[in-house]
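K.L.:
Below is a structure I'd like to ask you about.
The values are calculated or read from the model by the stated rules, or taken from the named source; none is laboratory data. Keep in mind it's a predicted model, so treat the numbers as computed, not measured. Cβ coordinates were reconstructed from backbone atoms using ideal geometry, including for glycine residues, and neighbour counts include every protein chain displayed. Just so you know, the surface numbers come from the protein's heavy atoms only, side chains and all, with ligands and any DNA or RNA stripped out. Shrake-Rupley method; radii C 1.70, N 1.55, O 1.52, S 1.80 Å.
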Amino acid sequence: MEHDAHAPPPAAQELGDASASASVVDDWARDEDTEPMAVDPHHAAAAAATATEDGEGVADAAPPAAPAEDVTEIQSSLQSLELKTNAAAHEDAQEVVEEEKETKRHLNVVFIGHVDAGKSTAGGQILFLSGQVDDRTIQKYEKEAKDKSRESWYMAYIMDTNEEERLKGKTVEVGRAHFETETTRFTILDAPGHKSYVPNMISGASQADIGVLVISARKGEFETGYEKGGQTREHVLLAKTLGVAKLIVVINKMDEPTVKWSKERYDEIESKMVPFLRSSGYNVKKDVHFLPISGLLGSNMKTRMDKSICSWWDGPCLFEVLDRIEVPLRDPKGPVRMPIIDKYKDMGTVVMGKIESGTIREGDSLLVMPNKTNVKVIGISLDEHKVRRAGPAENVRVKLSGIEDEDIMAGFVLSSIGNPVGAVTEFNAQLQILELLDNAIFTAGYKAVLHIHSVVEECEIVDLIEEIDMKKKKEADPKKKKPKRKPLFVKNGAVVVCRIQVNNLICIENFSDFPQLGRFTLRTEGKTVAVGKVVAIPPAGSPTFSA
């Protein structure tokens with residue numbers, strides 16, 4: 001019995017040695033990055049048995065069942081080692097795939113335009129043509145649309161996923177989807193066109209690099225969208241303010257019986273849009289591209305136009321234009337700036353947003369501003385795929401430790417610890433007054449809703465500092481500069497430098513440093529009244545300007 005009592009420790013020690021050596025082998029396999037060697041269980045068993053006999057010294061001292069148990073345990077430890085090394089190799093292989101993927105650039109495309117211009121249908125057609133949606137799903141949507149007596153809406157169902165949107169045929173939320181061409185990965189942001197949902201459109205456009213302005217060629221529809229109060233005008237102004245540098249103007253519904261691919265109708269729409277786009281700040285020759293399409297039939301989208309359908313169009317198709325478009329590069333080595341647009345709980349706190357500057361890596365320590373909470377990045381997802389790092393212009397989901405989801409709000413910013421984003425309650429801005437509500441004058445005390453990146457906050461104009469005369473600004477001789485004159489009020493069309501105050505801390509930057517965090521719109525009672533850029537913020541660490 002004494003022998004029996006003393007027998008287990010050597011076996012346990014043996015197993016400990018085996019697992020220790022296993023971990024050493026594991027480390028070695030990872031360090032050398034070699035192919036994992038398959039372990040033959042027969043050799044393993046024999047080696048383990050020999051080792052057990054040598055280790056025991058006196059074979060007859062232990063009961064006969066013990067060595068078999070030890071062999072089984074050592075075998076299982078060797079199998080787990082094999083699994084570990086295989087997993088390590090698989091991870092390495094995955095990383096290589098990720099590196100390949102990263103060679104493709106990534107762009108966010110926002111679809112904007114008047115309600116019923118066909119934005120969701122065009123977005124759905126792009127996903128279908130790029131192979132993101134299969135035929136069976138399309139057939140299901142066709143049947144569903146037919147049951148609702150809305151046969152032509154079935155393509156929009158790809159983008160408009162909730163029941164309310166499908167019932168009314170109006171997009172409410174900003175739809176998101178992904179597709180790829182040979183050189184670029186795209187994220188489609190399908191913005192709502194209805195004037196009631198402009199705040200949702202603003203949140204979509206603020207994440208976009210390029211805009212696709214969808215215009216309906218149908219008789220009467222273009223005119224409704226373009227006239228005063230139509231969403232085509234407001235969307236273009238907002239897109240420019242929110243940093244959508246390039247615009248593709250697609251003239252949709254060209255297959256309509258009232259249009260029938262008419263060159264006259266296409267030219268008429270283009271001639272009306274060009275002066276308006278110029279006045280909105282777009283360089284029409286460099287930054288704007290016009291083309292005719294049919295979102296419902298998919299004409300001139302993935303492949304060039306068939307001459308039998310439209311003989312006069314010789315230009316490129318939509319996919320070609322998207323592939324060729326050049327956008328300004330952002331700095332992957334700059335300080336991290338990621339405005340948070342949403343958050344949720346999933347075995348930790350997950351925040352969603354678009355990285356505007358810098359690179360986020362797994363294991364990074366960052367700050368959530370303005371509440372100055374230190375957090376650690378424990379996971380990054382990109383289009384549902386897990387990645388080790390993500391750079392500028394990527395839409396990501398970042399899993400954080402060190403913060404609860406209830407402590408985060410949309411508009412907070414994930415930023416570097418060494419160079420954090422400013423958190424302020426007042427700032428100076430250069431504003432362009434677009435269209436004030438009836439009988440309103442813009443003066444100190446004017447209240448509006450401020451939209452800046454993903455922040456939506458009530459604000460008040462506390463001081464008008466200077467009115468800028470844009471005509472004289474170009475002609476003025478700096479030596480003959482007159483002293484500044486503080487205006488008491490300004491009217492429509494004026495450009496003014498003013499001080500804006502908000503109640504809560506918001507994270508913003510000077511437009512000259514980070515354009516994405518320094519441009520904004522002011523809205524009152526559902527109308528955009530002014531657009532502007534941040535020209536001065538209080539010194540670092542102070543939320544207000546010192547008196």
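K.L.:
Let me know the shape class of the range 337-416, please: from the alpha-carbon gyration tensor, a ≥ b ≥ c as square roots of the eigenvalues, rounded when a/c is under 1.5, otherwise prolate if a/b is greater than b/c, or oblate. Show your work: numbers first, answer last.
P.N.:
Details: a/c = 1.37, a/b = 1.20, b/c = 1.14.
Because its axes are fairly even, with a/c under 1.5, the range 337-416 counts as rounded.
K.L.:
In the range 251-363, with Lys and Arg counted as +1 and Asp and Glu as -1 at Cβ, which of these residues, Met273, Cys310, Met347, has the Cα nearest the positive end of the dipole, that is, farthest along it?
P.N.:
Comparing the listed Cα positions along the dipole, Met347 ranks first.
K.L.:
What is the distance, in nm, between label points placed 7 Å from the Cα along the Cα-to-Cβ direction at Asn503 and at Ser280?
P.N.:
3.3 nm
K.L.:
Of Lys486/Lys527; Lys104/Lys286; Lys148/Lys386, which pairs sit farther than 32 Å apart, going by alpha carbon to alpha carbon? Intermediate values should be presented prior to the final figure.
P.N.:
Details: Lys486/Lys527 27 Å; Lys104/Lys286 24 Å; Lys148/Lys386 39 Å.
Listed pairs above 32 Å: Lys148/Lys386.
K.L.:
Using a 7 Å offset from the Cα along the Cα-to-Cβ direction at both Asn439 and Asp134, what is the distance between the two label points in nm, to one decimal?
P.N.:
Result for the modelled spin labels: 6.2 nm.
K.L.:
Given a 1.4 angstrom probe, what's the average accessible area per residue across the range 423-536, in square angstrom? If you can, show how the numbers build up before the last one.
P.N.:
On the way: 6240 Å² over 114 residues.
Accessible area per residue, the range 423-536: 55 Å².
K.L.:
Here is a follow-up. What are the ³J(HN,Hα) values, in whole Hz, obtained from phi via the Karplus relation 6.51 cos²θ - 1.76 cosθ + 1.60 with θ = phi - 60°, for each residue of the range 116-132 in sequence order, with x given for Gly and Pro?
P.N.:
Whole-Hz 3J(HN,Hα) from phi for the range 116-132: 6, 6, x, 5, 5, 5, 5, x, x, 5, 4, 5, 5, 5, 8, x, 7.
K.L.:
So if I place +1 on the C-beta of Lys and Arg and -1 on the C-beta of Asp and Glu, and nothing else carries charge, what would the dipole magnitude of the range 337-416 be about its Cα centre? I want it in debye, nearest 20.
P.N.:
Values: 12 positive and 12 negative charges, 58 e Å.
Roughly 280 debye for the range 337-416.
K.L.:
Name the long-range amide H neighbours of Glu256: under 5 Å, sequence gap of 5 or more, or other chain; modelled H, no Pro or chain starts.
P.N.:
Counting only residues 5 or more places away or on other chains, the set is Trp261.
K.L.:
With a Förster radius of 41 Å, plug the Cβ-Cβ distance of Glu142 and Glu466 into 1/(1 + (r/R0)^6) and report the FRET value to the nearest 0.05.
P.N.:
Plugging the Cβ-Cβ distance into 1/(1 + (r/R0)^6) gives 0.10.
K.L.:
Under a 5 Å amide H to amide H cut-off, with H placed in plane at 1.01 Å, what residues pair with Gly422 once short-range neighbours are removed?
P.N.:
When sequence neighbours closer than 5 places are left aside, the close amide H contacts are Ile508.
K.L.:
For the range 423-536, rounded, prolate or oblate, judged on the Cα gyration tensor with a ≥ b ≥ c (square roots of eigenvalues), a/c < 1.5 rounded, else prolate if a/b > b/c? Write out the running numbers ahead of the final one.
P.N.:
Values: a/c = 1.86, a/b = 1.32, b/c = 1.41.
Oblate shape, in that a/c is at least 1.5 and b/c is the bigger or equal ratio.
K.L.:
Further question on the same structure: Assign unit charges at the C-beta atoms only (+1 for Lys and Arg, -1 for Asp and Glu), then state the dipole size of the range 264-335 relative to its Cα centre in Debye, rounded to the nearest 20.
P.N.:
On the way: 11 positive and 11 negative charges, 47 e Å.
I would put it at about 220 debye.
K.L.:
Name the residues whose placed amide hydrogens come within less than 5 Å of the amide hydrogen of Thr349, ignoring near sequence neighbours (fewer than 5 apart) on the same chain.
P.N.:
Leu400
K.L.:
Show me the GluC sites (Glu not before Pro) within the range 251-348 that DSSP assigns to loop and that have at most 10 other Cβ atoms within 10 Å of their Cβ.
P.N.:
On the way: sites: Glu264, Glu268, Glu270, Glu320, Glu326; in loops: Glu326.
Here the GluC sites (Glu not before Pro) that fit, given the DSSP loop and packing criteria, are Glu326.
K.L.:
Rounding to the nearest 20 debye, state how big the charge dipole of the range 423-536 is about its Cα centre with +1 on each Lys and Arg Cβ and -1 on each Asp and Glu Cβ. Don't jump to the answer; show the numbers that get you there.
P.N.:
Values: 18 positive and 15 negative charges, 158 e Å.
Taking the Cα centre of the range 423-536 as origin, the dipole is about 760 debye.
K.L.:
When the Karplus curve 6.51 cos²θ - 1.76 cosθ + 1.60 is applied with θ = phi - 60°, which whole-Hz ³J(HN,Hα) does each residue of the range 408-425 get, with x for Gly and Pro?
P.N.:
Running phi through 6.51 cos²θ - 1.76 cosθ + 1.60 with θ = phi - 60° gives 10, 10, 4, x, 5, 10, 7, 9, 5, 6, x, 9, x, 6, x, 10, 9, 10 Hz.
K.L.:
Next up: Calculate what fraction, in whole %, of the accessible area of the range 220-361 sits on carbon and sulfur atoms when a 1.4 Å probe is rolled over the protein chains. Spell out each step's value before the answer.
P.N.:
Values: 3440 of 6370 Å².
Solvent-exposed carbon and sulfur of the range 220-361 make up 54 percent of the total.
K.L.:
Here is a further query. Using the heavy atoms of the protein chains and a 1.4 angstrom probe, tell me the accessible area per residue for the range 337-416 in square angstrom.
P.N.:
Working: 3340 Å² over 80 residues.
Value returned for the range 337-416: 42 Å² of accessible area per residue.
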